[in-house]
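Here the structure comes first, spelled out in structure tokens, and everything after it is commentary.
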Amino acid sequence: MKISNNFDSHQLIINLSILLSQPTGISNYASNIFPYLKSLEPTLLTAQNSSEFKCYPIPNNLTPAQGTKGHLRRLIWTQLQLPQIYKQLKSRLLFSPLPEAPLNSNCRFVVMSHDLIPLRFPKRFSPLIPYHRYYIPQVLEQAQHIICNSQATAQDIIDFYQIPASKITPIPLAYDRLHFRPSKETWSHNQRYFLYLGRHDPYKNLHRLITAFAGLSNQSEYELWLAGPIDPRHTPVLQTQVAELGITHQVKFLNYVPYSALPKIIYGAIALVFPSLWEGFGFPVLEAMACGTPVITSNVSSLPEVAGDAAILINPHNPAEITDAMQMIADDLELRSHLSTQGINRANQFSWEKTGLATAEVLSRYL
């Protein structure tokens with residue numbers, strides 16, 4: 001269908017109520033793709049103004065930065081205010097970069113679903129469980145179409161929610177090419193640490209990674225750096241495990257690492273070791289490959305989709321397999337160099353332009 005050139009047209013509205021001034025996760029995804037939706041002349045529902053797009057102002061207290069209250073305010077706003085805005089702007093389609101939309105309203109919408117981790121690894125008393133069990137399935141059922149970030153997430157939507165595959169389009173995500181790129185420094189023997197990037201939740205499988213590291217034959221020569229926010233629920237358990245294994249001096253809990261510092265610690269590592277039990281996509285794998293750092297990751301969920309044949313894939317439930325992969329990379333400079341080249345080539349296949357244009361193509365079908 002031809003899109004109207006009338007500047008007053010608001011056929012497509014994009015819900016950016018989740019957008020944070022310091023982007024993480026979903027808001028990072030949203031801000032990276034909407035420049036590629038320009039041809040559809042969208043109107044952005046946003047608390048932050050943009051000179052390049054038509055914008056409709058919305059409250060600025062609906063984001064994860066306001067914690068559970070922000071989340072609740074956003075759900076109420078989505079249910080009560082959003083249908084009125086849709087009607088007022090005479091819109092034909094709403095696009096939401098997360099699986100939230102007005103239920104049982106006259107709004108036609110397409111949503112993006114990122115992962116179903118809270119259902120795969122439920123935490124007792126977590127408000128995310130009823131959200132994923134009762135709200136999201138209704139959103140997905142009522143959507144015109146669902147975009148997701150991997151074949152693995154598409155399969156989860158089919159398995160958990162009985163949504164037909166024909167209603168789902170997996171579109172891989174991407175990374176910041178100017179930020180994550182190969183270092184000018186060549187490989188040397190000075191790299192002495194393995195790196196993990198991410199949270200400390202149990203499904204990230206750090207207890208098996210620590211066991212695997214302790215199993216290296218010349219383990220005293222290496223360090224394991226765990227970069228990610230210290231979590232009072234999970235980090236102390238890991239620190240106790242490290243102490244019991246007698247490797248306290250070699251395992252460094254780096255806490256949260258600023259975005260600007262990530263490339264440097266990725267370049268410096270012997271390898272990124274990312275043995276997660278499940279990921280909707282797996283940004284650290286892509287970012288490490290883009291930097292030319294060898295990757296060891298799990299052979300489950302979306303991780304093989306991201307890594308292709310450019311990483312060593314391991315069974316995340318088998319610490320000995322993780323140890324063997326780390327040992328191979330530590331001992332074999334030629335293998336490191338090969339994985340570095342393969343990783344850079346693989347990462348080059350992902351771009352926000354591809355993600356954005358593929359998203360625009362899906363949206364245009366419903367306008």
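Derivation of every value follows stated rules applied to the coordinates shown; laboratory data play no part. In this text the structure is predicted, and so the values were computed from the model without any measurement. Here Cβ is always computed from backbone atoms with ideal geometry, including for glycine, and neighbour counts include all displayed protein chains.
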Which of the listed residues, GLN66, TRP352, PRO258, is farthest toward the dipole's positive end in the chain, when Lys, Arg count +1 and Asp, Glu count -1 at the beta-carbon?
GLN66
Can you list the lysines whose alpha carbon sits under 29 Å from that of LYS264, skipping same-chain ones fewer than 8 residues off?
LYS184, LYS204, LYS252, LYS354
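Hey, fewest Cβ within 10 Å first, where do ASP231, ASP309 land in order?
Working: ASP231 13, ASP309 8.
With the fewest neighbours first, ASP231, ASP309 line up as ASP309, ASP231.
Assigning unit charges at the beta carbon (Lys, Arg +1; Asp, Glu -1) and nothing else, what dipole magnitude in debye, to the nearest 20, does the chain show about its Cα centre?
Charge dipole of the chain: 1360 debye, to the nearest 20.
Return the loop-located chymotrypsin sites (Phe, Trp or Tyr not before Pro) in region 120-183 (DSSP other than H, G, I, E, B) with at most 13 other Cβ atoms within 10 Å of their own Cβ; answer none if there are none. Spell out each step's value before the answer.
On the way: sites: PHE125, TYR131, TYR134, TYR135, PHE160, TYR161, TYR175, PHE180; in loops: PHE125, TYR175, PHE180.
When the chymotrypsin sites (Phe, Trp or Tyr not before Pro) of region 120-183 are filtered for loop state and at most 13 Cβ neighbours within 10 Å, PHE125 remain.
For region 193-347, give the magnitude of the charge dipole about the Cα centre (Cβ charges: +1 Lys/Arg, -1 Asp/Glu; no others), in debye to the nearest 20. Spell out each step's value before the answer.
Values: 8 positive and 14 negative charges, 85 e Å.
Once rounded to the nearest 20, the dipole reads 400 debye.
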Can you sort THR355, THR248 so the residue with the fewest Cβ neighbours within 10 Å comes first?
THR248, THR355
Given that compact globular proteins tend to follow 2.2 N^0.38 Å, what is the ratio of the alpha-carbon Rg of the chain to that value?
1.05
Nearest 0.05, what FRET efficiency do GLN239 and LEU72 give at R0 = 35 Å with Cβ-Cβ as r?
0.55
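What share of the DSSP beta bridges in the chain is antiparallel, in percent to the nearest 5? Can you show the working numbers first?
Details: 0 of 37 bridges.
Expressed as a percentage, antiparallel bridges in the chain total about 0.
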Order of 61-71, 46-56 by packing, highest average Cβ count within 10 Å first?
61-71, 46-56
Ranked by GNM mean-square fluctuation in the chain (Cα springs under 10 Å), the top entry among ASN32, ASN218, ASN15 is ASN218
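Per the Kirkwood definition applied to all pairs of different Cα atoms, how many angstroms is the hydrodynamic radius of region 193-347? The partial results should precede the final answer.
On the way: mean 1/r = 0.0658 Å⁻¹.
Kirkwood hydrodynamic radius for region 193-347: 15.2 Å.
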Whose amide H sits under 5 Å from the amide H of ALA271, counting only residues 5 or more places off or on another chain, with H placed in the peptide plane?
LEU195
In region 268-307, whose amide N lies under 19 Å from the spot 7 Å out along Cα-to-Cβ of ARG181? List them in ranges.
268, 286-294
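Grab the DSSP H runs of the chain that are 4 residues or longer, score each as -39,500 (n - 2.57), total them, divide by all residues and round the 222 nm result to the nearest 500 deg cm²/dmol.
-10500 deg cm²/dmol
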How far apart, in nm, are two points set 7 Å out from the Cα along the Cα-to-Cβ line at ASN348 and at TYR256?
3.6 nm
Straight-line reach from LYS87: which aspartates and glutamates have a Cα under 19 Å away, not including same-chain ones fewer than 8 places off?
ASP8, GLU41, GLU100
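Once you sort the root eigenvalues of the Cα gyration tensor of region 275-337 as a ≥ b ≥ c, which label holds: rounded (a/c under 1.5), prolate (a/b larger than b/c) or oblate (the other case)? Write down the numbers at each step before the final one.
Details: a/c = 2.37, a/b = 1.18, b/c = 2.01.
Cα axes put region 275-337 in the oblate bin.
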For a protection proxy built on the mean count of beta-carbon atoms within 10 angstrom, sort 333-344, 196-207, 286-297 highest first, please.
286-297, 196-207, 333-344
